[in-house]
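Have a look at the structure below before the remarks.
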Amino acid sequence: MLNVHEHDKQWLDNKLYGLPSPHRIAIMRQYRKKPNRREANLSVLHLTKRIAAVMGKDKHFYHVNIEQQDISAKAKQHARRCIQITAQAEGKGLLTIYNTLLHYMACYSIKPPKLSETIINHLKLDTLDDVELAQVYGVLARAGDEIWWKRKLRKQRNLQIETISRELNLVSKQKGIYASNITVSNFQTQWQSNQQLLENTIATNEHGYSASLAELSKLNVSNPAIRKAELMVRIRGFEDYAKEMDYSALFLTMTTPSKYHRCFARTGDENPNWNGATPLDAQEYLNRTFARIRAALAREQVTPFGFRVAEPHHDGTPHWHLLLFVPSEQQQTLVDTFTHYYLEEDGDEQGAKERRFKVEYIDPAIGSGTGYIMKYINKNIDGEGIEYDSYGKDATTSAIRIKVWASCWGIRQFQQIGGVGVTPWRELRRLDAIKDPSLNWIEAIRQAADSSNWALYTQLMGGVFCKRVEQTIRPLYKTQTNALQVSTINSGVTNTQSKPITALIQEKSRNALQECGNSPKEHGNHPENSENLLRESVNRMRESSPAMRKMISGTFAGVAGANPEIAPENYQPLKTNRYGDTALTQLKGIISLGVEIITRVHTWTLATKSQVQKNAFCSHLEFCQ
C-alpha cells in the first residue's frame, strides 16, 4: 500500500479541502492503491477535476468546500449581491438588469425562474404589459430574497454531495445502498428539524379547536399509512374496473442502458460503461422513452391505464414497474411497442434483450395485479410486511433510504396512468351525506368515495378514459380577490391590499443594504447613502422604459391596465404570492354541473406554542382537519 510522500501532504490537504470525510477517505483509498507516487497524484488531480465540474467551478479551481458551508450566510450574501446589481443599474434598462442577474445565477449553477419566449421577446422590445412586467419583476424579487436562495442552495448542495458520492462509487449495495450515508444523515437531520417545527406550531380554527401541525399532518396523505392505503385502494379499484371491461393485466419492468449504471450489483466494482450519468439523467431517459411509447400507442388507438412505480437500483439508478390494463386483443401491440422503444438505444449491448424490458402476463386464476405491485408500494413507503428488500437488506431501513433517494433527486415515486382525478375523491370524503334530493348524482359519487370503491367512483365520474375537464365533478379553485373583481378561475374572496412589485424590491434592497454595509464605494456605507442609491436607481429605471413607468405608477392587479387611481374606493387588487407575479388560488371544494360545494370551511390561525400562551397569533392558513 502506497504511503503519502512527505512533500505531498500539504498539496493533498489543499486539494481535498472542504470535502466531507467519507469523500476524502474514498479518494485516499484510491490513492493508496496506485503503484507509485506519480500515478497516485495524477489520480487525485483527475478526481478533483471531476468534483470541480460537479461543483460548477472554473476548470483551474479545484478547491471545494461543501462540508462547512453555511447555507443561510451564503443565501444572504447572494441576495444582497443581487440587490446591489439591481440598485447599480445606472439607467441601463430592465433587460440589462435581468440578463445581469441571470448571468450571476448561472455563475453559481442556479437555475432562474423561467419566463416564456413571448415575455422575453416583449422584454427585448420594451412592450411588456402589466402582467408580463410582473413576471419579470418576480424574477428580480426572487434574486433578492434570502429564502429563495436558501432553498436553491440547499437543494444544490444535496445534489452535489450525492453526485460526488456516486463519482467516488460510494452508492452501492456494499457501501451505501440507494443513497450515500452522508446524504441519508443530512436528510434525517432536516426531517427532525421539520418535525420539531410542526410540533411547535399550533393551528386553531374559528371554533377554538386547536392541534399541532404534526397531529394534523397525520390525518392526510403525508401520513405513510394513509398514503399507502389510498394507493392500494386506487390500484384495486382499477383492477376491478378492468375486470368489468374484460381487460387483461400486464406487469412491466423497465430499466436503463448500461451507461446509466454506476457499478455492478454483485461486486460493487465500477461499471466501465458508465458515462457519468446521474439518476436524474436516467429518469429523464425513462420519461422520454415512455412519452414516445404513449404517442406510438395512441396512434394505434391503444390506451392502457394503471399505475407506475419508480424505485432505485442499489446504486441509485432508477427503474420502473408498471401495472397496466389493456384489452386482450391489444396487449401484444403494447408489448411490441415497449420492446421496440426500450431497445432502440444501445439495444445491441450484452444482456439488453434479457434485462432491459420484462413482461409478466397476469393470470387472474393465479394472482391479481394488485398483489404483483403491492410489495413495491410497501417497499417504497415504509417496508411494512416485508422482511428484506431485493438485495437482502432490512426493508424498513431500505424504505428510509429510498425516501431519501427520491427527495434528493426529486423523483416522483408513484404515478397514476389514465383514470379520473383523485382530488375530488379526497374532497368528497370530507363531506357528510348530502340530503338534498336535487343533488343525488353528487351523493352517489360521494358514497362511492366514502366506501373506498374506486371502481364505482371511476365509472360515475365518466369512466377511465374521460378527460379531466369533462368529468362529472371537478376541483373548485378560487382566486383570492374581492367581490368587485371577476376571478379568472371560478369566483372571488375578499383580500388585503397587495404591494406593487417595485415596492417589494425597494423594501428588500433597503433592508439588505442597510444591514450588510456593502454599498458601492462611491456612495459610502451609510444607510442614508444606500437610500440615495436606491432612489437614484429607481428614478433611472422609471425614466428608461415606458413599461416600467407604467408599472411604477400603478399596482399589479392581475389584469392589464388596472390602475388604483381610477378604481372604486373599495377596489382591492388580486392577492399575489410574495413575489407579486402569480395570483394566489385556494382549493375550496368541488364543482359539478355548475353546483359548487365548499369542503374547506374552516379558517385556521397559526401560532407557535409560546404565542398560543400569550394569545399572539401570527398568520392564517387553510388546513385540513
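The values are calculated or read from the model by the stated rules, or taken from the named source; none is laboratory data. Bear in mind the structure is a predicted one, so any value in this text is a computation, not a measurement. Here Cβ is always computed from backbone atoms with ideal geometry, including for glycine, and neighbour counts include all displayed protein chains. The protein model used for the area step is the full one, side chains on, heavy atoms only, and it has no ligands, DNA or RNA in it. Shrake-Rupley method; radii C 1.70, N 1.55, O 1.52, S 1.80 Å.
Across the range 242-301, the fraction of Cα-Cα pairs farther apart than 16 Å, rounded to a whole number, is 63%. Solvent exposure of the range 264-400, expressed per residue, is 50 Å² of accessible area, with all protein chains present and a 1.4 angstrom probe. Could you please state how large a percent of the accessible area of the range 331-428 is carbon and sulfur, counting protein chains only and using a 1.4 Å probe? Ligands and nucleic acids excluded, carbon and sulfur reach 46 percent. Ranked by solvent-accessible area (1.4 Å probe, protein heavy atoms only, all chains present), the residues 232, 1 order from largest to smallest as 1, 232.
Just give me a number: lysine pairs in the range 8-51, eight or more positions apart or cross-chain, with C-alpha atoms less than 18 Å apart.
Taking the range 8-51 as the scope, the lysine pair count is 4.
Subtracting the Cα-Cα distance of residue 215 and residue 611 from 0.36 nm times their residue separation leaves 140.7 nm of extension gain. Scoring 459-467, 257-265 by mean Cβ neighbours within 10 Å over their residues and listing the highest first yields 257-265, 459-467.
Dipole magnitude for the range 295-353: computed about the Cα centre from +1 point charges on Lys and Arg Cβ and -1 point charges on Asp and Glu Cβ, it is near 320 debye. Computed with a 1.4 Å probe on the full set of protein chains, the accessible area for residue 11 sits at about 80 Å². The residue list 196, 229, 303 was ranked by how far each Cα lies along the charge dipole of the range 189-346 toward its positive end, using unit charges on Cβ atoms, and 196 comes out on top. Computed from backbone phi, the HN-Hα couplings of the range 30-39 come to 5, 4, 6, 7, 6, x, 8, 4, 5, 4 Hz, rounded to whole numbers (Karplus: 6.51 cos²θ - 1.76 cosθ + 1.60, θ = phi - 60°; Gly and Pro given as x). With 31 Å as the limit, the listed pairs 74/218; 175/353; 74/403; 114/379; 150/218; 76/575 have 74/218; 114/379 beyond it between alpha carbons.
The magnitude of the dipole of the range 348-432, with charges of +1 and -1 set on the Cβ of Lys/Arg and Asp/Glu and taken from the Cα centre, is near 280 debye.
At a 1.4 Å probe, what is the % contribution of carbon and sulfur to the accessible area of the range 228-273? Carbon-and-sulfur percentage of accessible area, whole number: 47. Taking a straight Cα-Cα cut-off under 16 Å and skipping sequence neighbours fewer than 8 places away in the same chain, the aspartates and glutamates within cross-link reach of residue 92 are 126, 536, 543.
Taking only protein heavy atoms and a 1.4 Å probe, what accessible area per residue, in Å², does the range 1-134 have with all protein chains in place? Per-residue value: 57 Å². When the Cα positions of 143, 91, 104 are compared along the charge dipole of the range 16-149, 104 comes out farthest toward the positive end, with charges on each C-beta of Lys, Arg, Asp and Glu.
The alpha-carbon atoms of the range 1-125 define a convex hull whose volume equals 145 cubic angstrom per residue.
Amide hydrogen proximity for residue 18: with H placed 1.01 Å from N in the peptide plane, no residue at 5 or more positions away or on another chain lies under 5 Å. In order along the range 462-467, the Karplus-derived 3J(HN,Hα) couplings, from 6.51 cos²θ - 1.76 cosθ + 1.60 at θ = phi - 60°, round to x, x, 5, 9, 6, 5 Hz, and Gly and Pro are given as x.
Converting phi to 3J(HN,Hα) with the Karplus coefficients 6.51, -1.76 and 1.60 and the offset θ = phi - 60°, the range 592-600 yields 9, 6, x, 8, 9, 10, 7, 9, 9 Hz in sequence order, with x at every glycine or proline. In terms of the mean number of neighbouring beta-carbon atoms within 10 Å, the peptides 237-248, 351-362 order highest first as 237-248, 351-362. Please compute the Kirkwood hydrodynamic radius over the range 180-246, one decimal place, Å, based on all pairs of different Cα atoms. Final number for the Kirkwood radius of the range 180-246 is 15.0 Å.
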